[in-house]
Amino acid sequence: MQPEHQKHLRGPSSDTFDLRERRNDLVVPVADGIEFERLIRNAELVVFDRCGHVPMLEHPVRFNRLLDRFLAEDARGAPSNR
């Protein structure tokens with residue numbers, strides 16, 4: 001991850017569902033996902049094996065299950081501990 005991008009990741013005001021990393025992603029490497037998780041409050045990294053950059057198409061059942069859980073927690077105002 002470029003150092004100049006890190007400042008934009010520190011302390012977003014709401015929970016973020018953008019950390020579903022893909023082991024074979026050539027666009028966003030897993031190492032960047034680890035850094036995102038470190039920098040974004042209440043973030044959780046989930047790694048999809050045998051997956052490129054589009055987990056919602058490559059693993060729709062698992063992706064949607066995780067998204068449903070995230071949205072349900074957000075709707076209840078539950079603390080993020082995904």
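The values are calculated or read from the model by the stated rules, or taken from the named source; none is laboratory data. Predicted, not measured: the structure shown is a model, and the values here were computed from it. For neighbour counting, all protein chains shown are included, and Cβ atoms are generated from backbone atoms with ideal geometry for every residue, glycine included.
If the condition is being modelled with pLDDT of 85 or more and more than 24 Å from R69 (Cα to Cα), then the stretch 23-53 contributes only A31. Among the residues of the stretch 43-55, the one identified as surrounded by fewer than 12 Cβ atoms within 10 Å (Cβ to Cβ) and at negative phi is D49. Selection of the stretch 1-22 for residues being surrounded by 13 or more Cβ atoms within 10 Å (Cβ to Cβ), within 26 Å of E73 (Cα to Cα), over 12 Å from the mean Cα position of the chain (by Cα) and at pLDDT 60 or above yields only L9.
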